[in-house]
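Colleague: I'd like to ask some things about the structure below.
The values are calculated or read from the model by the stated rules, or taken from the named source; none is laboratory data. All of these numbers come straight from a predicted model, not from anything done at the bench. Cβ coordinates were reconstructed from backbone atoms using ideal geometry, including for glycine residues, and neighbour counts include every protein chain displayed. What goes into the accessible areas is simple: the full protein's heavy atoms, side chains included, and nothing from ligands, DNA or RNA. Shrake-Rupley method; radii C 1.70, N 1.55, O 1.52, S 1.80 Å.
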Amino acid sequence: LMWLQQFKAEVNLRHTCEQGDRLPGYGWLMHDGINFGIQEIKDNDFILTTEFVKRLGGQHGGDWTWRITAKPQSSIPENPVISLLFYVAGDGEGILQPHIEEKSKLLAVSGSSEELGKFTITFLAPTTPKSRNYKYASYNSLRAHCPSLEMMTDIVKNSLNGRFVYNTASSPRRYYIGVDSYRPPSKQGGDTMQDNFLVHQVTVQVPFEVEVLFESESFTDRSNHLAGEVFTNELEKWKQAFDEKFNTIFKLPDKGFSPQQIKFAKAVFSNTIGGMGYFYGQSYVQSMYNEYPLPYLEGPLYTAVPSRSFFPRGFLWDEGFHQLLISKWNPSISREVIGHWLDLMNVEGWIPREQILDNEARSKVPAEFIVQRNENANPPTLFLTIQKLIEDLNGRLTKEDKSYLKRLFPRLRTWYDWYNSTQVGSLPSTYRWRGRDTDTNLFLNPKTLTSGLDDYPRASHPSEDERHVDLRCWMTLASKIMTDIAKILGEPHQDYQGMYEKLSDNSLLQELHWSEDLKAFSDYGNHTQSIILEREKIYVPPGQPRQHVQPARLIRSVRKQPKLQYVNAFGYVSLFPFLLQILQPDSPKLLHILNDIKDDEKLWTPYGIRSLSKSNPLYLKRNTEYDPPYWRGPIWINMNYLVVRALHFYSTQNGPYQEMAATLYQELRTNLISNMYKQFVQTGYLWEQYNDSTGKGQGSHPFTGWSSLIVLIMAEQY
């Protein structure tokens with residue numbers, strides 16, 4: 001669907017989710033991941049509600065119907081006239097046949113493809129909501145060849161023409177903008193290109209509703225068409241089932257939440273599951289074996305995404321967090337997602353951390369991030385989801401559950417071995433993220449994108465002597481889950497158990513990562529704090545005009561030589577032995593961590609736990625001239641979820657700090673829920689991160705990836 005408002009000074013064609021559109025709000029209100037969904041899109045003068053229902057039948061997935069309802073925003077003097085542009089496109093396969101009447105009215109599209117078999121898509125005429133009387137409408141249609149899906153918006157824009165007349169009995173003749181004809185810039189391959197892109201434009205005054213029916217030919221025994229009252233009744237049935245299931249799983253009324261807060265939780269959850277996508281294509285990979293980047297193996301990926309507008313693709317470490325929520329709702333979806341991700345593994349056990357699989361995805365990514373490097377890791381958070389999937393079975397594994405784990409196990413073993421052969425440190429039982437930024441001249445502190453915590457401060461001078469405490473803790477978790485799965489399957493588990501016992505040994509952990517000076521768990525490496533960014537001094541020869549000289553860049557200046565030491569960067573990384581529940585409940589180190597968490601000069605805020613201590617020299621410091629602080633102060637919800645989860649865990653363990661953990665748990669949980677709900681009500685969105693001084697949402701939005709973990713925090717499900 002694309003749409004635009006007519007008779008405005010400026011033509012704003014809406015299509016893909018773009019932050020630049022500045023819509024007051026959009027997102028799913030209800031979505032069960034399979035059968036139905038309800039989405040609300042608030043434009044400036046009107047609101048679109050999109051609803052779909054799926055009906056199973058036949059051999060190709062069955063039928064679905066989509067209803068779009070448009071209603072005016074209450075404050076405007078005259079109901080706007082808008083155009084909905086429904087399009088159907090074939091992505092390089094299948095056949096599409098338009099059925100047109102009155103020259104420009106696309107009634108239906110019949111087609112076929114390998115996966116869908118034969119089908120018909122029917123565009124019903126717009127009607128008034130509820131009474132279902134037909135409304136006056138103008139129609140346009142377009143047939144074109146679209147070489148690649150990311151070009152669809154431009155093809156439609158380039159076909160628009162303002163010569164069409166909108167002529168109702170109750171208002172004067174006006175010219176409106178419609179799709180007309182499209183002439184490609186150059187005919188690639190002559191005139192033989194088949195039209196694979198069909199557009200049906202309906203122009204009508206709000207309020208109205210319009211339905212689109214997809215019917216599969218192999219569904220031979222349908223008793224009626226999924227339209228009108230039939231559609232409404234089916235939708236009501238699914239809405240009721242959704243509400244009942246949501247209450248059964250998350251039990252929010254029992255926690256004392258208001259109807260409005262529960263509606264918020266439903267919308268947040270629905271955006272996560274409704275934002276899932278099925279992608280197909282190949283990454284570009286730079287390998288040590290090749291001089292240039294090469295296309296990776298081609299394949300599908302079924303995955304959730306962090307943000308429909310800004311990150312509409314799969315990210316490896318995000319996905320483990322996404323599926324913590326989705327697996328509570330529908331474990332079979334999470335199982336399929338994990339299988340898809342593990343199927344992207346190469347023979348060595350590496351999985352590309354960012355999945356940019358086709359031209360459509362590449363059109364949304366800056367060039368420097370497109371190529372993946374096969375020595376670079378990402379946190380293996382899928383183990384978090386697998387851990388929950390196993391725990392939620394409560395030891396009652398069916399034959400099917402064991403069969404699934406048996407299929408996963410060889411890939412998990414290869415993945416686990418890959419980390420232990422490529423990401424190890426120079427000392428036994430240590431680990432080091434590969435892939436830190438190498439051009440240290442430009443960065444205040446070279447980034448570690450591979451850790452997921454991008455610009456979080458690490459050793460100032462990357463070296464092979466580094467050891468990273470967060471990666472060591474991720475590998476502790478992975479070793480534990482590998483032990484558990486091997487035991488369930490009757491596979492040899494002793495090596496995994498031995499590794500887990502070694503990595504979870506608190507005294508060895510302290511020996512390698514506890515800094516007595518800093519009183520914190522820390523990275524270790526070649527480091528100095530005496531670094532600033534300053535303008536480089538440029539020599540201008542006498543007589544040369546200044547405007548011919550390159551502008552001076554901000555470069556880093558090292559005031560004191562680095563030495564091997566613990567890195568003073570208290571924040572999320574320092575918490576990992578606590579976050580992943582590796583510390584013993586009676587460890588004195590736990591007391592240090594709990595005291596530091598609640599210290600508002602360090603991590604505590606009224607809105608959540610900030611990413612880097614306020615007292616750190618790099619707190620809220622830019623990393624380059626163009627890189628604002630990212631993981632250097634702002635509040636991130638995936639990490640706050642792990643903090644809340646760990647506090648909950650330690651509040652249930654007998655030990656000297658049990659009560660302290662319980663108090664902090666209640667306070668932090670309350671702060672997170674109240675701020676995120678408040679920001680959602682004020683802005684209409686969930687955000688990538690939250691400002692640690694004001695609590696305001698910032699970064700990309702809507703961000704219903706791991707920020708959606710607030711639903712599990714509300715439900716107290718960890």
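Colleague: So what are the ³J(HN,Hα) numbers for the range 624-635, from phi and the Karplus equation (6.51, -1.76, 1.60; θ = phi - 60°), rounded to whole Hz, Gly and Pro as x?
Modeller: 9, 4, 10, 10, x, x, 10, 10, 10, x, x, 8
Colleague: Please give the contour-minus-distance gain from Glu229 to Lys130: 0.36 nm per residue of separation, less the Cα-Cα distance, rounded to one decimal in nm.
Modeller: On the way: separation 99, 0.36 × 99 = 35.64 nm, distance 0.96 nm.
Contour length minus Cα-Cα distance gives 34.7 nm.
Colleague: Which order do you get for Asp254, Asp21, Asp32 if you rank them by accessible area with a 1.4 Å probe, largest at the top?
Modeller: Reading off the accessible areas and sorting them downward yields Asp254, Asp21, Asp32.
Colleague: Relative to the present Cα-Cα distance, how much length would full extension add between Ala169 and Leu554 at 0.36 nm per residue of separation?
Modeller: 132.1 nm
Colleague: Excluding His340 itself, calculate the net charge of residues whose Cβ lies under 12 Å from the Cβ of His340, where each Lys or Arg counts +1 and each Asp or Glu counts -1.
Modeller: Details: positive: Arg335, Arg411; negative: Glu319, Glu336, Asp343.
Charge balance near His340 sits at -1.
Colleague: I need the semi-axes of the equivalent ellipsoid of the range 515-557: take the C-alpha gyration tensor, multiply each eigenvalue by 5, square-root it, list largest first in whole angstrom.
Modeller: That gives 42, 8, 7 Å for the three semi-axes.
Colleague: When the Cα atoms of the range 486-584 are enclosed in a convex hull and the volume is divided per residue, what value in Å³ results?
Modeller: Taking only Cα atoms, the range 486-584 has a hull volume of 198 Å³ per residue.
Colleague: How far is it, in nm, from the label point at Leu508 to the one at Thr220 when both lie 7 Å from their Cα along the line to the Cβ?
Modeller: If labels sit at Leu508 and Thr220, their model points lie 6.5 nm apart.
Colleague: I need the peptides 288-299, 316-327 ranked by packing, meaning the mean over residues of other C-beta atoms within 10 angstrom, with the highest value on top.
Modeller: 316-327, 288-299
Colleague: Continuing with the same structure: If you stretched the chain out fully between Leu13 and Tyr292, how much longer would it get, using 0.36 nm times the residue separation minus the C-alpha to C-alpha distance?
Modeller: Gain on extension, Leu13 to Tyr292, equals 96.6 nm.
Colleague: On average over all directions, what projected area in square nanometres does the chain have, based on the convex hull of its Cα atoms?
Modeller: Averaging across all directions leaves 37.6 nm² for the Cα convex hull.
Colleague: Further, regarding this structure: If you roll a 1.4 Å probe over the heavy atoms of the protein chains, what accessible area per residue do you get for the chain, in Å²?
Modeller: 44 Å²
Colleague: For the range 287-332, just say rounded, prolate or oblate: build the C-alpha gyration tensor, square-root its eigenvalues into a ≥ b ≥ c, call rounded for a/c under 1.5, and beyond that prolate if a/b exceeds b/c, oblate if not.
Modeller: prolate
Colleague: Something else about it: Would you please put 266-273, 194-201 in order of how densely packed they are, using the mean number of other Cβ atoms within 10 angstrom per residue and starting with the highest?
Modeller: Ranking the peptides 266-273, 194-201 by packing returns 266-273, 194-201.
Colleague: Just order 331-340, 488-497 by mean Cβ neighbour count inside 10 Å, highest at the front, would you? Can you show the working numbers first?
Modeller: Values: 331-340: 18.8, 488-497: 14.4.
So the order, starting with the most tightly packed, is 331-340, 488-497.
Colleague: Per residue of the range 124-137, in order, report the coupling 6.51 cos²θ - 1.76 cosθ + 1.60 (Karplus, θ = phi - 60°) as ³J(HN,Hα) in whole Hz, putting x for Gly and Pro.
Modeller: 7, 6, x, 10, 6, x, 6, 6, 6, 7, 5, 10, 5, 8
Colleague: Keeping every protein chain in place, order Arg434, Arg411 by accessible area at 1.4 Å, biggest value first, i.e. largest first.
Modeller: Working: Arg434 50, Arg411 95 Å².
If we order Arg434, Arg411 from most to least accessible, we get Arg411, Arg434.
Colleague: Suppose each label sits 7 Å from its Cα in the direction of the beta carbon; what would the Glu150-Asp343 distance come out to in nanometres?
Modeller: Computed distance between label sites Glu150 and Asp343 equals 2.5 nm.
Colleague: Please work out whether the range 223-325 counts as rounded, prolate or oblate from its C-alpha gyration tensor, where a ≥ b ≥ c are the square roots of the eigenvalues and a/c under 1.5 means rounded, while otherwise a/b larger than b/c means prolate and anything else oblate?
Modeller: On the way: a/c = 3.78, a/b = 1.80, b/c = 2.09.
Oblate, since a/c reaches 1.5 and b/c is not below a/b.
Colleague: Still on this structure, please answer the following. Treating only the Cβ atoms of Lys and Arg (+1) and Asp and Glu (-1) as charged, compute the dipole magnitude of the range 264-715 about its Cα centre; round to the nearest 20 debye.
Modeller: 700 debye
Colleague: Continuing with the same structure: Under 23 Å between alpha carbons, and skipping anything fewer than 8 positions from Lys239 in its own chain: which lysines qualify?
Modeller: Leaving aside lysines fewer than 8 places away in the same chain, those within reach of Lys239 are Lys42, Lys54, Lys71, Lys130, Lys251, Lys255, Lys263, Lys266, Lys328.
Colleague: If Lys and Arg each add +1 and Asp and Glu each add -1, what is the summed charge of the other residues whose beta carbon sits under 15 Å from the beta carbon of Ser530? Intermediate values should be presented prior to the final figure.
Modeller: Numbers: positive: Arg556, Arg559, Lys560, Lys563, Lys621; negative: Glu534.
Here the count lands on +4.
Colleague: Using amide H atoms built in the peptide plane, which far-off residues or other-chain residues are under 5 Å from Ser463 H to H?
Modeller: Amide H neighbours of Ser463: Asn526.
Colleague: Additional query: When only C-alpha pairs under 8 Å and at least 6 residues apart count, what is the relative contact order of the range 419-556, in percent?
Modeller: In percent, rounded to a whole number, it is 24.
Colleague: Might you report the magnitude of the Cβ-based charge dipole of the range 415-515 about its Cα centre, with Lys and Arg at +1 and Asp and Glu at -1, to the nearest 20 debye?
Modeller: The calculation lands at about 60 debye.
Colleague: Name the residues whose placed amide hydrogens come within less than 5 Å of the amide hydrogen of Met30, ignoring near sequence neighbours (fewer than 5 apart) on the same chain.
Modeller: Residues meeting the criterion, in which the H sits 1.01 Å from N, are Ile38.
Colleague: Accessible area, 1.4 Å probe, largest first: how do Arg183, Arg308, Arg432 sort?
Modeller: Reading off the accessible areas and sorting them downward yields Arg183, Arg308, Arg432.
Colleague: Defining a contact as two alpha carbons under 8 Å apart and six or more residues distant in sequence, what relative contact order in percent does the chain show?
Modeller: Numbers: 1390 pairs, mean separation 75.6, N = 718.
Computed value for the chain: 11 percent relative contact order.
Colleague: Counting Lys +1, Arg +1, Asp -1, Glu -1, what net charge surrounds Met151 among other residues with beta carbon under 11 Å of its beta carbon?
Modeller: Computed value for this residue: -2.
Colleague: Over the Cα atoms of the range 90-133, Rg to Rh with Kirkwood Rh, two decimal places?
Modeller: Dividing the radius of gyration by the Kirkwood radius yields 1.13.
Colleague: Set Lys and Arg Cβ to +1 and Asp and Glu Cβ to -1, take the dipole of the range 623-718 about its Cα centre, and tell me which of Gly705, Val681, Thr694 lies farthest positive.
Modeller: Among Gly705, Val681, Thr694, the one farthest towards the positive end of the dipole of the range 623-718 is Val681.
Colleague: Give me the distance in nm between label points sitting 7 Å out from Cα along the Cα-to-Cβ direction at Glu244 and Glu368, one decimal.
Modeller: With each label placed 7 Å out from Cα toward Cβ, I get 5.4 nm.
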